[in-house]
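Accompanying notes for the structure given below.
The values are calculated or read from the model by the stated rules, or taken from the named source; none is laboratory data. Every value quoted in this text rests on a predicted model; they were computed, and no experiment measured them. Please note: Cβ atoms are built from the backbone with ideal geometry, for glycine as well, and neighbour counts cover all protein chains shown. Please note that ligands, DNA and RNA were not included when accessible areas were found on the heavy atoms of the full protein model with its side chains. Shrake-Rupley method; radii C 1.70, N 1.55, O 1.52, S 1.80 Å.
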Amino acid sequence: MMNYNSFFKDQLSGLKAEGRYRVFANLERIVGEFPKAMLHTGDGQPPRKITVWCSNDYLGMGQHPKVLDAMQNAITGQGGGAGGTRNISGSNHLHVALEEELADLHDKESALLMTSGYVANWTTLSTLGSKLPDCVIVSDALNHNSMIEGMRHSRAERRIWKHNDVAHLEEILRDLGQNRAKIVAFESVYSMDGDIAPIAEILDVCEKYNALTFLDEVHAVGMYGPRGGGVAEREGLMDRIDIIQGTLAKAFGVIGGYIAGNHEIIDFVRSFGNGFIFTSSHPPSIAAGALASVRHLKTSDVERATQKERAETLRTRLRDVGLPVMDAPSHIVPLMVGDAAMCKEASDRLLFEHDIYVQPINYPTVPRGTERLRFTPGPLHNDELMDHLIDALLTVWGQLGIQKAA
């Protein structure tokens, strides 16, 4: 007979033996002190203050006064939840306003708000892939799990092209021909390596072979472009992309995902996408906070400019002391470790001995042998915090004998 508990225990033991068992820090954010947080250890000791170096709240907008005021006003005015799905309870006025703002951000006719970026990817790709006749989805090799699961659920044929290799993409599209329905799915900023897709070259090939384009900008919206529209806005390419997908949970500091495109595409996903139709919508306070954040970052560049300087400074300082920082043209600063157990141990020592929180990034998020610490310096990581980080990293690297840069 199947012993279910034994199976579960054995699988978890295997993760722990490899150093891949995920432990989540119990953190309490502090309004007005970002990137500081209180760490709760659960060992009878009082919580203590630590510095977070790996938050995807890239610009600290999750604690911006405009965002907090908008959320509090929405709670006072409209209460807690939205009442259910939009199909049953209707669209809250703030949902509609947020979708209009997001469509404008990407210079598209329409946008559709969903509960998360994961759901937006999964729903859109699964819906389009399953409904377009004889569709094939052509996916970059390093696409996010949410995109991969959407493709799988669609049951459409899937082709994988080598990461950012436009020549290989063209080989695949040429083989598929002009007439077959095709979706090319890729990201702008790849969050583990911090590299950026050659969007213009990809679009040239897609237009040549009549392929629909789906661009995931979750790590770029709010961060790039004069209004925070992402890498495609920065490079003047938004009008050439069929579907832009983004999140409200990273640079915009709240929660939620969305797609933007022409009216017919967005209405099609709204009408056929199960991940949208059958999911309760965001509380009004969430939509209000996201709306305030998007509007603010459309007109303010100070957060983006300061974050960019902080990322470049950290990357330079890591390189200057011989730590194996990976080159990346984005706001993400990965530091290579190359071993799962060692990566976890380095993260633990930084947290418990130096009050620095950076989560280890292990397989399957990254390939085996490329385990790393992933830093996301923000506007409020000042020089004093950076000094402390560099000193702590050098200490831990020396204690564990982790290889430094060649």
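Some points to look at:
- Residue among VAL52, VAL221, VAL23 with the largest mean-square fluctuation in a Gaussian network model of the chain, springs linking Cα atoms under 10 Å: VAL23
- Per atom type, the chain shows carbon and sulfur on 51% of its accessible surface, probed at 1.4 Å.
- Solvent exposure of ASP175, expressed as accessible area, is near 110 Å², computed with a probe of 1.4 Å over the protein chains only.
- The simple Förster model, with R0 at 35 Å and r as the Cβ-Cβ distance, assigns HIS93 and GLU353 a FRET efficiency of 0.10.
- Relative contact order of region 277-406, defined on C-alpha pairs under 8 angstrom at six or more residues apart (%): 27
- Computed from the Kirkwood radius of its Cα pairs, the Stokes-Einstein diffusion coefficient for the chain at 25 °C and 0.890 mPa s stands at 109 µm²/s.
- Sorting the segments 205-211, 254-260 by their mean number of nearby beta carbons within 10 angstrom, highest to lowest, gives 254-260, 205-211.
- Unit charges at the beta carbon, dipole of region 19-171: most positive-side option, ILE160, HIS106, GLN45: GLN45
- Using the 1.4 Å probe convention, the accessible area of the chain works out to 44 Å² per residue with neighbouring protein chains retained.
- Residue pairs, from the table LYS182/LYS250; LYS66/LYS298; LYS208/LYS298; LYS16/LYS250; LYS9/LYS49, whose Cα atoms sit over 22 Å apart: LYS182/LYS250; LYS208/LYS298; LYS16/LYS250; LYS9/LYS49
- Entry note, the chain: relative contact order of 21 percent, from Cα contacts under 8 Å with a spacing of 6+ residues.
- Exposure of GLU371 as accessible area (Å², to 10), given a probe of 1.4 Å and all protein chains: 10
- When ASP140, ASP107, ASP348 are compared by accessible surface with a 1.4 Å probe, the order from highest to lowest is ASP107, ASP348, ASP140.
- Cα centroids of region 311-346 and region 111-186: 31 Å apart.
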